[in-house]
1. List, in order, the whole-Hz ³J(HN,Hα) value for each residue of region 54-71 obtained from phi through the Karplus relation with A = 6.51, B = -1.76, C = 1.60 and θ = phi - 60°; use x for Gly and Pro.
2. What does the C-alpha gyration tensor say about the overall shape of region 52-126? Classify as rounded when a/c is under 1.5, otherwise prolate if a/b is larger than b/c, or oblate.
3. Could you give me the ³J(HN,Hα) list for region 24-37, computed from phi with Karplus coefficients 6.51, -1.76, 1.60 and θ = phi - 60°, whole Hz, x at Gly and Pro?
4. Just how many pairs of Lys in the chain have C-alpha atoms closer than 27 Å, counting pairs that are eight or more places apart or on different chains?
5. How large is log10 I(q)/I(0) at q = 0.09, 0.15, 0.19, 0.20 Å⁻¹ when the Debye formula is applied to the Cα atoms of the chain, each weighted equally and without solvent?
6. Answer rounded, prolate or oblate for region 7-93, using the Cα gyration tensor with square roots of eigenvalues a ≥ b ≥ c: rounded when a/c is under 1.5, else prolate when a/b is larger than b/c, else oblate.
7. For Ala143 and Asp13 in one chain, what is 0.36 nm times their gap in residues minus the Cα-Cα distance, to one decimal in nm?
8. Give me, ordered by chain and number, the residues 5 or more places off Phe33 or on other chains with an amide H under 5 Å from its own placed amide H.
Amino acid sequence: MNALDNAKNQNVDISLGRLLETLAGAGELPLVFHYDGRPIEAGYDVTEVKAGQFAALDCGANSEAWTEIFVQLWDVDGEGSAHMPAGKFTAIIRKVSDHVQLDGSAKLTFEVSDGVRPMQLYCASLPRLGNHTVHVDLAPRPASCKPRDRWLAEEARKAATCCGGPAYPKSACCA
């Protein structure tokens, strides 16, 4: 199969629970999301949090089902505003959890727009600390072919099994 390998995007996809767990000790530290090569504006706002249950049929006729949490960020520059503290972000999510059932293991998608450009979908990497600020990189969420992604993962697993140990130093599958 000669196609882009989206497996590399899998490592930046974190769950809502993992994000909240990582932010737990950040409290008053500013939370800055980065997307499209730049940081979000200091006045950004969380405008909506929604949970969805999805059932689908992929292009290989395989049934798929998953839960997804969408966090909508409005990228605006508020006058005199600072970036939202990590504790305020987690409080917003917890308040939503009081009213809407949020599955901490759900796939997490960020919807980002400045109110002018169309909303774009992003997945988040694990937060990192730098200069007394919590940074979260958002990467565009690409479309993918799930059967192909499963095939690529299986081929990688086979190669790791075959080529991964000293028992197979000159195995044909490693060529």
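1. My calculation for region 54-71 gives 10, 10, 8, 10, 7, 5, x, 6, 9, 6, 10, 8, 7, 10, 9, 10, 10, 10 Hz in order.
2. On the way: a/c = 2.88, a/b = 1.61, b/c = 1.79.
Oblate, since a/c reaches 1.5 and b/c is not below a/b.
3. Result, rounded to whole Hz: 3, x, 7, x, 8, 5, x, 10, 10, 8, 10, 8, 6, x.
4. Close lysine pairs found across the chain: 14.
5. -0.41, -0.92, -1.26, -1.35
6. Values: a/c = 2.19, a/b = 1.98, b/c = 1.11.
Prolate is the answer for region 7-93, as a/c is 1.5 or above and a/b outweighs b/c.
7. Extra length available between Ala143 and Asp13 comes to 45.4 nm.
8. Under 5 Å from the amide H of Phe33 lie the amide H atoms of Ile40, Val136, each far enough along the sequence or on another chain.
Throughout, read-outs are computed from the coordinates displayed, never taken from laboratory work. From a predicted model like this one, the values you see are computed outputs, not experimental measurements. All Cβ positions, even for glycine, are placed from backbone atoms using ideal geometry, and neighbour counts span all protein chains on display.
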